[in-house]
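Below is one structure, written out as structure tokens, with a few remarks after it.
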Amino acid sequence: MSRPSPLITVMIKAARAAGRGLARDFGEVENLQVSKKGPGDFVTNADHRAEEVIYAELSKARPGYGFIMEERGVVEGTDKTNRFIVDPLDGTLNFMHGIPHFAVSIGHVREGVLNAGVVYDVIRGDIYWAERGQGTWLENRRLRVASRIKLSQAVLATGTPFIGHSPERHKKFSDEMAALTPETTGIRRFGSAALDLAFVAAGRFDGFWERHLKSWDIAAGIVLVREAGGVVEEIDGGDVLETGNVLAANPSLTPKIRSKLKSV
Ligand code: IPD
Ligand code: CA
Ligand code: CA
């Protein structure tokens, strides 16, 4: 087993600390489902609290590192070479509806390159971690992406646009689904991009694509997939952290999925 480095150890500690609060709050959310007001504000507060816990832990352990955080935004560090990219709660809609599938996601960039990632599946208690050159791990099990190379045998995950998104975005998504559904064994929409990527790294999903994600949704998951032998690309050839148009799979499947996406 690869021993997590001091950096990974710090990231795992922060993810677990935030996860403890989220797990407690998730219990409360279930009681709030039936209230007239609904759990909206409560979830927003849970989200912010989790981010504050992560920020406090990481900035104590690595003073000077910069941050990109979903809620707080960019925090410039004195150390310009290291930066954490944090989503304290990925899968907010699941959390809000009492659906037990959400995660804490912490990525680390060194000198502009994605270097490490931790995704914590709070309900299952699973910590996924990866660091450049160290592989991808789920507890003490090394992970590999699935080896299926035929689209006809593949189970893919994706993310759907929702109310408030432009008609163009909805149309693009419907067209992409129409191009891929007849070619694959199945398509899933679980509602946490960080866990979708972790599941690709673990060989559960054969591939994942989604457009318009944010850097905090995917930074950690990208490292997980790459270190598990997979490929992560920007669907149209740009910078994936900039556009958030993600395609992830094993090296044989990636071009096949891409060509279907590009056919629409
Ligand atoms: C969302 C999840 C979801 C994806 C959305 C994201 P959030 O993040 O990753 O799977 O489809 O686009 O915004 O809002 O739950 O942190
Ligand atoms: Ca997110
Ligand atoms: Ca979030």
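The values are calculated or read from the model by the stated rules, or taken from the named source; none is laboratory data. Bear in mind the structure is a predicted one, so any value in this text is a computation, not a measurement. So basically every Cβ, Gly included, is an ideal-geometry build from the backbone, and we count neighbours across all protein chains shown.
Condition first: within 19 Å of Ala220 (Cα to Cα), touching a residue at least 24 places away in the same chain (Cβ under 8 Å) and within 21 Å of the chain's Cα centre (by Cα). Now tell me which residues in the stretch 41-64 satisfy that.
Those that are within 19 Å of Ala220 (Cα to Cα), touching a residue at least 24 places away in the same chain (Cβ under 8 Å) and within 21 Å of the chain's Cα centre (by Cα): Asp47, Ala50, Glu51, Val53, Ile54, Tyr55, Glu57, Leu58.
Restricting attention to the stretch 155-213, which residues are crowded, with 16+ Cβ neighbours inside 10 Å, of a type in the set (Ser, Thr, Tyr) and within 8 Å of ligand 1 (Cβ to nearest atom)?
Residue satisfying the conditions is Ser192 alone.
Can you name the residue in the stretch 124-139 that is in a loop (DSSP other than H, G, I, E, B) and out of contact with any Leu (no Cβ under 9 Å at 6 or more places or on another chain) and is also modelled with the lowest pLDDT among such residues? Working first, answer last.
Taking the stretch 124-139 as the starting set, the residues that turn out to be in a loop (DSSP other than H, G, I, E, B) are 124-125, 132-134, 139.
Filter once more, keeping what is out of contact with any Leu (no Cβ under 9 Å at 6 or more places or on another chain): 124-125, 133-134, 139.
On the way: Arg124: 98, Gly125: 98, Gly133: 97, Gln134: 97, Glu139: 85.
Here the answer is Glu139.
Could we say that Arg142 is over 30 Å from Ser263 (Cβ atoms), within 16 Å of the chain's Cα centre (by Cα) and either in a helix (DSSP H, G or I) or modelled with pLDDT of 95 or more (or both) here? Can you show your working first?
Working: over 30 Å from Ser263 (Cβ atoms): yes; within 16 Å of the chain's Cα centre (by Cα): no; either in a helix (DSSP H, G or I) or modelled with pLDDT of 95 or more (or both): yes.
No; evaluated as a whole, the condition is false for this residue.
Give me the residue from the stretch 62-78 that is within 16 Å of ligand 2 (Cβ to nearest atom) and of a type in the set (Asp, Glu) and, out of that set, farthest from Met11 (Cα to Cα). Full working, then the answer.
As a first pass, look at the stretch 62-78 and keep what is within 16 Å of ligand 2 (Cβ to nearest atom): 67-73.
From what is left, the residues that are of a type in the set (Asp, Glu) are 70-71.
Working: Glu70: 17, Glu71: 18 Å.
Taking the candidates together, the pick is Glu71.
Which count do you get for residues in the stretch 229-264 that are over 18 Å from Ile85 (Cβ atoms) and not hydroxyl-bearing (Ser, Thr, Tyr)? If you could, list the steps in order and put the result at the bottom.
Our first condition is that a residue be over 18 Å from Ile85 (Cβ atoms); within the stretch 229-264, this holds for 229-231, 233, 235-237, 247, 249-264.
Checking the rest, the ones that are also not hydroxyl-bearing (Ser, Thr, Tyr) come to 229-231, 233, 235-237, 247, 249-251, 253, 255-258, 260-262, 264.
Qualifying residue count, the stretch 229-264: 20.
Just checking, which of Leu22, Leu58, Leu32 is more than 11 Å from ligand 1 (Cβ to nearest atom) and more than 29 Å from Pro161 (Cβ to Cβ)? Steps first, answer last, please.
Numbers: Leu22 fails: more than 29 Å from Pro161 (Cβ to Cβ); Leu32 fails: more than 29 Å from Pro161 (Cβ to Cβ).
Criteria check complete, one pass: Leu58.
Report whether or not Val122 is among the hydrophobic types (A, V, I, L, M, F, W, C), assigned by TED's automatic domain parsing to the domain that holds Val43, within 23 Å of Leu241 (Cα to Cα) and crowded, with 22+ Cβ neighbours inside 10 Å.
Working: among the hydrophobic types (A, V, I, L, M, F, W, C): yes; assigned by TED's automatic domain parsing to the domain that holds Val43: yes; within 23 Å of Leu241 (Cα to Cα): no; crowded, with 22+ Cβ neighbours inside 10 Å: yes.
So Val122 does not fit the description; no.
Having 3 or more residues that are more than 16 Å from ligand 2 (Cβ to nearest atom) is the bar; report the helices (runs of 4 or more DSSP H) wholly within the stretch 160-264 that clear it. Talk me through it step by step, then tell me what you get.
Values: elements: 167-180, 193-201, 215-227, 240-243, 253-262.
Once the helices (runs of 4 or more DSSP H) in the stretch 160-264 are filtered for at least 3 residues that are more than 16 Å from ligand 2 (Cβ to nearest atom), what remains is 167-180, 215-227, 253-262.
Going through Glu76, Glu71, Glu131 one at a time, which residue ends up being more than 22 Å from Ala249 (Cβ to Cβ) and in contact (Cβ under 8 Å) with a residue 12 or more places away in the chain? Write out each step before concluding.
Details: Glu76 fails: in contact (Cβ under 8 Å) with a residue 12 or more places away in the chain; Glu131 fails: more than 22 Å from Ala249 (Cβ to Cβ).
Of Glu76, Glu71, Glu131, the one residue that is more than 22 Å from Ala249 (Cβ to Cβ) and in contact (Cβ under 8 Å) with a residue 12 or more places away in the chain is Glu71.
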